[in-house]
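Below is one structure, written out as structure tokens, with a few remarks after it.
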Amino acid sequence: MGNRLSKIYTRTGDDGSTGLGDGSRVRKDSARVTAYGTVDELNSVLGMLLSHEVPEAMREALTQVQHDLFDLGGELCIPGMAMVFDADIQRLEDVLDGFNAELPPLKDFILPGGGIAASTCHLARTVCRRAEREVVTLAQLETVRPEATRYLNRLSDLLFVLARVLARASGHGEVLWQHERRKKPAGA
């Protein structure tokens, strides 16, 4: 087993810098730290989601995703490291296709809601989209493997489908956007 953290604080970051996995130091607000920090935030939101009642197949899939996200964070923290691969993306697509096959076709936009688990899944989806944007920003500045962005893009799609499944299973149902609710202004 690798190093164990016996002392949590080191004081080395008191100057606004942090150490990357390769030993180099960067500012805590660097694009790289922002990217892997947002991936960590996403992983935490998935932990919140998993604290709710979710079907066992979904729990297994999301637990695997948490491991993948930890790997992705490591890849982003260690420049040049490769820890997320095409097979991981294919697995997401297979899980997505499986859950989506049971859903009716989508005819309207969906608002976040549909019960606490579905709402938490929507929150995870939006954090995932932000993580993807942060990785794209990083890729404009430094080398980032395309698998990182592809993984997050596919994961946000999966989380959207899982939110639909959870909303329907909870009995709350999906919250549809009511575009007709707006009245046209007089004279328009």
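Rounded, prolate or oblate: which fits the range 92-188, taking a ≥ b ≥ c as square roots of the Cα gyration tensor eigenvalues, rounded meaning a/c under 1.5, else prolate when a/b beats b/c? The shape class here is oblate. Exposed loop sites, defined as GluC sites (Glu not before Pro) outside DSSP H, G, I, E and B with at most 14 other Cβ atoms within 10 Å, are absent from the longest region of the chain, namely 1-52. Counting only protein heavy atoms and a 1.4 Å probe, the range 1-142 has 58 square angstrom of accessible area per residue. Atom-type composition of the exposed protein surface of the chain places 54 percent of the accessible area on carbon and sulfur (1.4 angstrom probe).
Over the Cα atoms of the chain, the radius of gyration divided by the Kirkwood radius equals 1.06; this is the Rg/Rh ratio.
What net charge is computed for the residues neighbouring G80, neighbours being all others with C-beta under 11 Å from the C-beta of G80, Lys and Arg scored +1, Asp and Glu -1?
Once positives and negatives cancel, what remains is -2.
Taking DSSP loops as anything outside H, G, I, E and B, show the longest stretch in the chain free of chymotrypsin sites (Phe, Trp or Tyr not before Pro) there with at most 13 other beta carbons within 10 Å. That gives 10-108 as the longest site-free run. Within 14 Å, Cβ to Cβ, of P146, how many net charges do the neighbouring residues add up to if Lys/Arg are +1 and Asp/Glu are -1? Result for the neighbourhood of P146: -3.
Each Lys and Arg Cβ is given +1 and each Asp and Glu Cβ -1; about its Cα centre, the chain then shows a dipole of about 820 debye. In a DSSP loop and with at most 10 other Cβ atoms within 10 Å, the trypsin sites (Lys or Arg not before Pro) in the range 39-141 are K107. On a C-alpha basis, how far is the centre of the range 114-140 from the centre of the range 60-79 in Å? Whole number, if you could? Cα centroid to Cα centroid, the span is 14 Å.
The values are calculated or read from the model by the stated rules, or taken from the named source; none is laboratory data. Quantities reported herein were computed from a predicted structural model and do not represent experimental measurements. We place every Cβ from the backbone using ideal geometry, glycine too, and count neighbours over all the protein chains shown. Side chains are part of the model used for accessible areas, which takes the heavy atoms of the whole protein and leaves out ligands, DNA and RNA. Shrake-Rupley method; radii C 1.70, N 1.55, O 1.52, S 1.80 Å.
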